[in-house]
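Heads up: the structure comes next, in structure tokens.
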Amino acid sequence: MTNIELERHNDFLLKQIELTRKRIIQPIYRGDSLRNLCYRLNVEFNEMNTNIETLLDRLFMVGEKAQRYYTDNENFRIEEADDYVFNKIVKYYNDSLKSKNKNTIFFFERNKKFTEFFMNKANKKIFIQQIENADHQERINIRNYYLIMLHQLAAINYKKKSHFVSTTKDYKIAEMFANGKRENYRIILHCWFPIRANKNVLLKYGLPTYSIHPYQYQREYSILGGILPHFISGLELIESKEFYPNPNIFKQEIDNSTFLNGLKINQENFHNIANLTNYKRTLTTDGNKTWEN
């Protein structure tokens with residue numbers, strides 16, 4: 001970094017620390033292998049000479065997407081919240097109740113009322129009836145609440161077509177996930193998200209809730225759709241101890257809106273670059289609603 005870029009990056013970090021202390025934003029991290037990131041962004045992985053410049057160009061334009069967006073597994077679209085979506089959710093939970101995974105068993109044992117609701121197949125009709133008066137955004141919020149847990153449980157019928165990306169609020173946990181035994185080249189994405197008030201529509205409609213998570217120590221935060229490049233502050237290469245900040249940080253004044261709305265990015269060339277990656281679908285958002293292209 002040049003001296004000017006270093007100064008701008010320090011301003012960015014100071015503002016991030018300030019807003020984190022005020023509970024306006026939450027820093028999050030995603031640990032993974034360089035090989036996996038290269039695959040998703042369609043950059044040839046080479047232990048000695050991966051083209052980092054191309055990788056960064058694509059990452060800071062397209063971001064990191066959920067499993068659904070780079071596989072051929074079909075699932076409902078991110079903007080859908082019709083009755084058939086909730087019927088699928090009930091089925092996913094019914095199937096998960098048969099899992100032998102110890103953490104899944106722990107989750108269902110510790111959330112008894114939640115478990116009893118989904119064990120009773122007659123409740124599928126009740127589930128749909130209880131949300132028939134909910135508006136579309138409420139249905140999306142309700143849907144996401146149940147899908148997040150299916151994602152975190154790695155539900156056998158959902159994990160390969162999940163709409164979510166896993167991150168953690170704890171850097172050490174991301175580092176633990178990044179330091180896999182089979183990979184020498186590991187990365188951590190440094191990101192953040194604005195903390196927005198969450199109106200609990202589940203209680204409004206008398207729906208079952210969970211309080212105990214299967215992997216509480218992981219401090220997971222599941223992101224719908226993916227991590228937008230506007231909320232990625234940089235890429236860390238653990239092996240070489242290199243850190244590549246998002247270059248868009250150096251192209252704008254840093255203030256509160258930077259963290260609330262994301263970095264401003266010129267995405268005129270977005271679709272051309274997205275077509276070079278292995279993502280099969282892209283997303284559009286207006287800050288509130290998200291839909292698939």
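The values are calculated or read from the model by the stated rules, or taken from the named source; none is laboratory data. All figures in this text were calculated on a predicted structure; none of them were measured in a lab. Here the Cβ is made from the backbone with ideal geometry for all residues, glycine too, and neighbour counts use every protein chain on show. Heavy atoms of the whole protein, side chains included, go into the accessibility calculation; ligands, DNA and RNA do not. Shrake-Rupley method; radii C 1.70, N 1.55, O 1.52, S 1.80 Å.
Which residue, of Glu175, Glu138, is within 19 Å of Tyr84 (Cβ to Cβ), touching a residue at least 60 places away in the same chain (Cβ under 8 Å) and not in a loop (DSSP other than H, G, I, E, B)? Before the answer, list the steps.
On the way: Glu175 fails: within 19 Å of Tyr84 (Cβ to Cβ).
Every option except Glu138 fails the conditions.
For Lys280, the conditions (1) under 28 Å from Arg23 (Cα atoms); (2) open to solvent by 60 Å² or more (accessible area, probe 1.4 Å); (3) under 21 Å from the mean Cα position of the chain (by Cα) are fulfilled apart from (1).
Could you tell me whether any residue of segment 122-145 is within 14 Å of Pro208 (Cα to Cα), charged (D, E, K, R) and in contact with a helix residue (DSSP H, G or I) (Cβ under 7 Å, 6 or more places away or on another chain)? Yes, segment 122-145 contains at least one residue that is within 14 Å of Pro208 (Cα to Cα), charged (D, E, K, R) and in contact with a helix residue (DSSP H, G or I) (Cβ under 7 Å, 6 or more places away or on another chain). Taking segment 245-276 as the range and being assigned to a helix (DSSP H, G or I), under 22 Å from Glu53 (Cα atoms) and without any contact (Cβ under 8 Å) to a residue 40 or more places away in the chain as the test, the residues that pass are Lys251, His271, Asn272. Scanning segment 192-219 for residues that are more than 28 Å from Asn103 (Cα to Cα), open to solvent by 30 Å² or more (accessible area, probe 1.4 Å) and not in a loop (DSSP other than H, G, I, E, B) yields a single hit, Lys204.
Results for (1) surrounded by 16 or more Cβ atoms within 10 Å (Cβ to Cβ); (2) out of contact with any Asp or Glu (no Cβ under 6 Å at 6 or more places or on another chain); (3) part of a loop (DSSP other than H, G, I, E, B), shown as yes or no for each residue.
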{"residue": "Asp11", "(1), (2), (3)": "no, yes, no"}
{"residue": "Asp32", "(1), (2), (3)": "yes, yes, no"}
{"residue": "Glu80", "(1), (2), (3)": "no, yes, yes"}
{"residue": "Asn94", "(1), (2), (3)": "no, yes, no"}
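Every listed requirement among (1) assigned to a loop (DSSP other than H, G, I, E, B); (2) small (Gly, Ala, Ser); (3) in contact with a strand residue (DSSP E or B) (Cβ under 6 Å, 6 or more places away or on another chain) is met by Ser222 save one, (1). Within segment 109-117, not a single residue is buried (at least 17 other Cβ atoms within 10 Å of the Cβ), in contact with a Gly (Cβ under 7 Å, 6 or more places away or on another chain) and over 30 Å from Ile238 (Cβ atoms). Applying the criterion of being open to solvent by 60 Å² or more (accessible area, probe 1.4 Å) and assigned to a helix (DSSP H, G or I) to the residues of segment 38-66, the residue that is nearest to Ala274 (Cα to Cα) is Asp57. Residues of segment 225-259 that are farther than 15 Å from Ile4 by Cα, open to solvent by less than 30 Å² (accessible area, probe 1.4 Å) and aliphatic (A, V, I, L, M): Ile227, Ile232, Leu235, Leu237.
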